[in-house]
Amino acid sequence: MNQPSVKQHVLIVEDEPKLSEVLSAYLAQSNFEPHIIDNGLEVIDWVTQHKPDLILLDLMLPGLSGIEICKKLRAFSDVPIIMVTARVEEVDRLLGLELGCDDYICKPFSPREVIARVKAILRRSHPVQPDSVTHGIALDESRNKATINGKELVLTAVEFQLLSILFYGKGKIYSREQLMNHIYADNRVVSDRTIDSHIKKLRKRIAEILPDQEIIHSVYGVGYKFEEPPLAQ
Ligand code: CA
């Protein structure tokens, strides 16, 4: 599994052409193979035939609603589904319906955030292979659990997400805004200091296990990045 040469197929179910085109362009740019369907009635047949790796499913659709589609899909498939809804308030109601979606995204969204979520969900459904463990750091996304050299890091959900973004983007610098966009899907306004304080706590947790090694680096005036510590002897 996880053959990097094979593109993962993402089905976009969305009846607003502008949105689906933007998503499609971003997905293609991120090396996915996107496909757009704009009518709810066409989804089940298409999925049966093409077996996509993930579905971005709009809630309000002509033909058949996202809720109905999700129920039908779950009857025969455990393909990851990210439900897209126009209203934040709707998410609580959707959660209550226990549709079996893997995640929810609210409109308006930033396409970059959607891509990040798609990648996170796909990583979760294709768990990290042992050879991608970085110098004793291992993340288990299905259980929000991180270990360093076999010792568990006790992290809050936000701290785990931050570590996960930085870890998978090894060496890349993330601005505070990018980190916020990844973490707070509802576009809520939080100050830069919120991220700083979560990072500070995350570092403290890591320091409890790796006291002399910094793996989350501040890049002055820009943001943060993850860098591998030297190999343990
Ligand atoms: Ca719609």
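Considering only residues that are touching a residue at least 12 places away in the same chain (Cβ under 8 Å) and more than 17 Å from LEU64 (Cα to Cα), look in region 26-47 and name the one that is least open to solvent (accessible area, probe 1.4 Å).
LEU27
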Item to complete: Return the residue satisfying two criteria in turn: it lies in region 1-20 and is more than 19 Å from ARG123 (Cα to Cα) and more than 20 Å from the chain's Cα centre (by Cα), and of such residues it is most open to solvent (accessible area, probe 1.4 Å).
Response: LYS18
Fill in: Any pair with Cβ under 8 angstrom, 6 or more apart, that starts in region 83-96 at a residue that is open to solvent by 60 Å² or more (accessible area, probe 1.4 Å) and ends at one that is of a type in the set (Ser, Thr, Tyr)
LEU95/TYR104
Item to complete: Among residues belonging to region 97-116 that are within 16 Å of the ligand (Cβ to nearest atom) and in a strand (DSSP E or B), point out the one that is most open to solvent (accessible area, probe 1.4 Å).
Response: TYR104
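The values are calculated or read from the model by the stated rules, or taken from the named source; none is laboratory data. Just so you know, these numbers come straight off a predicted model, no measurement behind them. Positions of Cβ are generated from backbone atoms using ideal geometry, with glycine treated the same way; all protein chains shown enter the neighbour counts. We work out accessible area using only protein heavy atoms, side chains counted, and drop any ligands, DNA or RNA first. Shrake-Rupley method; radii C 1.70, N 1.55, O 1.52, S 1.80 Å.
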